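In what follows, a structure is listed as structure tokens, so that the remarks can point back to it.
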Amino acid sequence: MRGKALRLYRGFVRRKVWVILSLLLLLFLLSLLSLSLGAARLGPGEVWRAFFSRFLPLSPPDRLSEVIVWELRVPRVLLAVLAGAGLALAGAVSQGLLRNPLASPYTLGISSAAGFGASLALVLGLGVVGGEYLVVANAFCFALLATLLVWALGLKKGMSPESVILAGIAVMYLFSSLTSILQYAAEPRALQGVVFWLMGGLHTATWEGVLPVLVLLLLCSPPLLGSSWDLNAIAVGDETARSLGVNVKRVRGMGLVLLSLLTAGIVSFTGTIGFIGLVSPHLARMLVGGDHRFLLPCSCLVGALLLLGADTLARTLLAPTEIPVGAITSLLGIPFFLHLLLRKRRDYWP
């Protein structure tokens, strides 16, 4: 009996590992496809030779192909993968910590606060630093400010899921109102910049922008991924988690700080990109179930696939005109939630 149970468990784990490996392969293939598409007329052979010549002994590509691939497309693909993975990881952790299927990093007011910081820089030119990083630094600092507000308000009520969600909604509406006031007072040119930033996009992707996002992901993802057992316990209930030795208040507080830091760093460089952190964990849960050991890495891969696919569509559908990627992700996310509502599926959520 014990041997049969062990075989069933190993098969259970093997299936989930194969799903994750399949998603990883799909992400690699989609990355190659995304590198091949764009406004510049380059054939797939030219693009792939320019890309793989850095790693394999191939004939060197022409200079134009090399510049387009390595200075324009590779940073954009990398930023899409890193941002999608980071937002999805933050979404899965926030849903696990708060035991709420509609929780996401943006529920905590991070997006609204970052938008206000960016608007303050674009409309009034005010910020914590000057120069070319004015908008990025403002968005990051105000996103962290929102995190501190939510953390402090939630701490006063014992870091319960309800108190954190209500604090996040209050902070979200506060910064949304302030952003609306700035938009109302802005000049047309500044207003256009604010609206475009709030819609999100990866058109400004550079190697200098990819590096900070990569560093934040490397710093924040290991402790978040390592909290999978605690999240599994919290999913059953706070009392049960405490009886299993989990310090729920500490895990929830540290988790919120880490996922907020990760989200703040991403939205500072990409603008507001909605639905990735909300939809990806649900799709991953349908694929591998609710065990956070597999749900968290699967969510990262699904988020990377969704954002990379959305960005590829955004820059190719009406090329050379580019659609803001935030609009594409919203269009992809809304039908998904309508499908969930109409099907009334609950079997994938504990």
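The values are calculated or read from the model by the stated rules, or taken from the named source; none is laboratory data. Note that this is a predicted model, so its numbers are computed, not measured. Virtual Cβ from ideal backbone geometry, glycine too; neighbours counted across all protein chains shown.
Look through region 147-163, keep the residues that are in contact (Cβ under 8 Å) with a residue 24 or more places away in the chain and in a loop (DSSP other than H, G, I, E, B), and return whichever of them is farthest from the chain's Cα centre (by Cα). Within region 147-163, the match that is farthest from the chain's Cα centre (by Cα) is Gly158. The sole residue among Gly91, Gly117, Gly125 that is over 18 Å from the mean Cα position of the chain (by Cα) and surrounded by 23 or more Cβ atoms within 10 Å (Cβ to Cβ) is Gly117. Is it the case that Ser160 is polar (S, T, N, Q), surrounded by fewer than 20 Cβ atoms within 10 Å (Cβ to Cβ) and more than 30 Å from Ala241 (Cβ to Cβ)? No, not satisfied. Set side by side, the residues Pro75, Pro44, Pro101, Pro57 differ, and just one is surrounded by 14 or more Cβ atoms within 10 Å (Cβ to Cβ), at pLDDT below 90 and not hydrophobic (A, V, I, L, M, F, W, C), which is Pro101.
For Leu174, state whether it is surrounded by 13 or more Cβ atoms within 10 Å (Cβ to Cβ), part of a loop (DSSP other than H, G, I, E, B), at pLDDT 85 or above and not polar (S, T, N, Q). No. With respect to the conditions (1) touching a Lys or Arg at 6+ places or on another chain (Cβ under 9 Å); (2) modelled with pLDDT under 90, Leu318 lacks only one, and its number is (1). Examine region 196-206 for a residue that is within 23 Å of Ala90 (Cβ to Cβ), β-branched (Val, Ile, Thr) and at pLDDT below 85, and state whether such a residue exists. Among the residues of region 196-206, at least one is within 23 Å of Ala90 (Cβ to Cβ), β-branched (Val, Ile, Thr) and at pLDDT below 85, which makes the answer yes.
List the residue pairs whose Cβ atoms are under 8 Å apart, where the first residue sits in region 15-32 and is closer than 24 Å to Leu79 by Cβ, the second is surrounded by 18 or more Cβ atoms within 10 Å (Cβ to Cβ) and small (Gly, Ala, Ser), and the two are 6 or more positions apart or on different chains. Cβ pairs passing all conditions: Leu27/Ala304; Leu30/Gly309.
Of note, Gly154 satisfies the criterion of being crowded, with 16+ Cβ neighbours inside 10 Å, under 30 Å from Glu239 (Cα atoms), out of contact with any strand residue (DSSP E or B) (no Cβ under 9 Å at 6 or more places or on another chain) and not hydrophobic (A, V, I, L, M, F, W, C). Where helices (runs of 4 or more DSSP H) fall wholly inside region 224-275, the ranges with 3 or more residues that are in contact with a helix residue (DSSP H, G or I) (Cβ under 8 Å, 6 or more places away or on another chain) and at pLDDT 90 or above are 228-236, 248-270.
Selection over region 184-213 of residues that are surrounded by 12 or more Cβ atoms within 10 Å (Cβ to Cβ), out of contact with any Leu (no Cβ under 6 Å at 6 or more places or on another chain) and either in contact (Cβ under 8 Å) with a residue 40 or more places away in the chain or under 30 Å from Gly96 (Cβ atoms) (or both) gives a count of 15. One residue stands out in region 38-54 among those that are part of a helix (DSSP H, G or I) and under 12 Å from Trp70 (Cα atoms): the one that is farthest from the chain's Cα centre (by Cα), namely Arg49.
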